[in-house]
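Asks: I'd like to ask some things about the structure below.
Here, each number is a calculation from the coordinates, and none is a lab measurement. Since the structure is predicted, the reported quantities are computational estimates derived from the model, not experimental observations. All Cβ positions, glycine included, derive from the backbone under ideal geometry; neighbour counts span all protein chains shown.
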Amino acid sequence: APADTIIAVMVGDSAASSITVGNQIALPIVVDMTQAAGLDIASLQVKVTWNASIVTYVSVTPGTFGSLTLNETDVATGTFLANLFNGTGTKESFRAVLLTFSGTSAGAAAVEVEVTTAGNELGQSLLDKVTTRKHDVTVSN
């Protein structure tokens, strides 16, 4: 694959948003394959983190990619884990999950994603092709 081959895993459709205390925001984890030069992704594990004193986790909605295994054990302290698998893989962009948060107190919180596993249908790692983008949420009173 070319050197500029990128699988971009992003929190949100944009890089920033604003909400008020008590209101909710839904942020998709987007896997953008448009620069992936025909690579095929079949497995993905993500860790999403945020400042739990600014925004509170509300819920998750599965996306459009294969089977989903969730770990919501530590959402109260600002960590969410998801493991996705699709036996045939895809070369298309997709939403992995949709996370809903609520504004808890005024301030700024970065919702960040870390990709811990990414592979093709042959089990080969694609981690060296992955870039990530956080989403900055500003909560106001």
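Asks: Mind checking which residues of the stretch 81-105 are over 28 Å from LEU122 (Cβ atoms) and either among the aromatic types (Phe, Trp, Tyr) or touching a Lys or Arg at 6+ places or on another chain (Cβ under 6 Å) (or both)?
Replies: Residues of the stretch 81-105 that are over 28 Å from LEU122 (Cβ atoms), as a first pass: 98-105.
Across the stretch 81-105, the qualifying residue is only PHE101.
Asks: Still on this model: With the requirement that a residue be of a type in the set (Val, Ile, Thr) and not in a loop (DSSP other than H, G, I, E, B), what does the stretch 62-92 give you? Can you show your working first?
Replies: Residues of the stretch 62-92 of a type in the set (Val, Ile, Thr): 64, 69, 73, 75, 77, 79, 88, 90.
Hits for the stretch 62-92 are THR69, VAL75, THR77, THR79, THR88, THR90.
Asks: With respect to ALA52, is the statement that it is assigned to a loop (DSSP other than H, G, I, E, B), within 17 Å of the chain's Cα centre (by Cα), more than 22 Å from PHE94 (Cβ to Cβ) and of a type outside the set (Phe, Trp, Tyr) true? Step through it out loud before you land on a result.
Replies: Numbers: assigned to a loop (DSSP other than H, G, I, E, B): yes; within 17 Å of the chain's Cα centre (by Cα): yes; more than 22 Å from PHE94 (Cβ to Cβ): yes; of a type outside the set (Phe, Trp, Tyr): yes.
Answer is yes for this residue.
Asks: Kindly indicate the residue of the stretch 124-141 that is touching a residue at least 60 places away in the same chain (Cβ under 8 Å) and assigned to a loop (DSSP other than H, G, I, E, B) and also surrounded by the fewest Cβ atoms within 10 Å (Cβ to Cβ) among those meeting that condition. Even if it seems obvious, please write down each step before you answer.
Replies: Residues of the stretch 124-141 that are touching a residue at least 60 places away in the same chain (Cβ under 8 Å), as a first pass: 126, 129-141.
Filter again for assigned to a loop (DSSP other than H, G, I, E, B), leaving 126, 134, 141.
Details: LEU126: 21, LYS134: 19, ASN141: 8.
Restricting to residues being touching a residue at least 60 places away in the same chain (Cβ under 8 Å) and assigned to a loop (DSSP other than H, G, I, E, B), the top hit is ASN141.
Asks: So, one more: Of the residues THR116, THR104, only one is in contact with a strand residue (DSSP E or B) (Cβ under 7 Å, 6 or more places away or on another chain), touching a residue at least 60 places away in the same chain (Cβ under 8 Å) and surrounded by fewer than 16 Cβ atoms within 10 Å (Cβ to Cβ); which?
Replies: Selected residue: THR116, the only one of THR116, THR104 that is in contact with a strand residue (DSSP E or B) (Cβ under 7 Å, 6 or more places away or on another chain), touching a residue at least 60 places away in the same chain (Cβ under 8 Å) and surrounded by fewer than 16 Cβ atoms within 10 Å (Cβ to Cβ).
Asks: Mind listing whichever residues of the stretch 1-24 are under 16 Å from the mean Cα position of the chain (by Cα) and touching a residue at least 24 places away in the same chain (Cβ under 8 Å)?
Replies: Start the filter on the stretch 1-24 by keeping residues that are under 16 Å from the mean Cα position of the chain (by Cα), which leaves 6-17.
Selection gives ILE6, ILE7, ALA8, VAL9, MET10, VAL11, GLY12, SER14, ALA15, ALA16, SER17.
Asks: Filter the stretch 108-125 down to the residues that are closer than 18 Å to ALA37 by Cα and hydrophobic (A, V, I, L, M, F, W, C), then identify the one that is farthest from the chain's Cα centre (by Cα).
Replies: Result: LEU122.
Asks: Please specify each residue of the stretch 85-141 satisfying the condition of being acidic (Asp, Glu) and closer than 19 Å to VAL60 by Cα. Write out each step before concluding.
Replies: If we filter the stretch 85-141 for residues that are acidic (Asp, Glu), which is where we start, we get 92, 112, 114, 121, 128, 136.
Within the stretch 85-141, GLU112, GLU114, ASP136 qualify.
Asks: Yes or no: LEU44 more than 17 Å from ASN120 (Cα to Cα) and buried (at least 18 other Cβ atoms within 10 Å of the Cβ)?
Replies: Values: more than 17 Å from ASN120 (Cα to Cα): no; buried (at least 18 other Cβ atoms within 10 Å of the Cβ): yes.
It is false that LEU44 is more than 17 Å from ASN120 (Cα to Cα) and buried (at least 18 other Cβ atoms within 10 Å of the Cβ).
Asks: Would you point out the residue of the stretch 17-38, among those that are of a type outside the set (Val, Ile, Thr) and buried (at least 18 other Cβ atoms within 10 Å of the Cβ), that is nearest to THR90 (Cα to Cα)?
Replies: First, pick out the residues of the stretch 17-38 that are of a type outside the set (Val, Ile, Thr): 17-18, 22-24, 26-28, 32-33, 35-38.
Okay, now just the ones that are also buried (at least 18 other Cβ atoms within 10 Å of the Cβ), so 27-28, 33, 36.
Details: LEU27: 22, PRO28: 18, MET33: 9, ALA36: 11 Å.
Among them, the one singled out is MET33.
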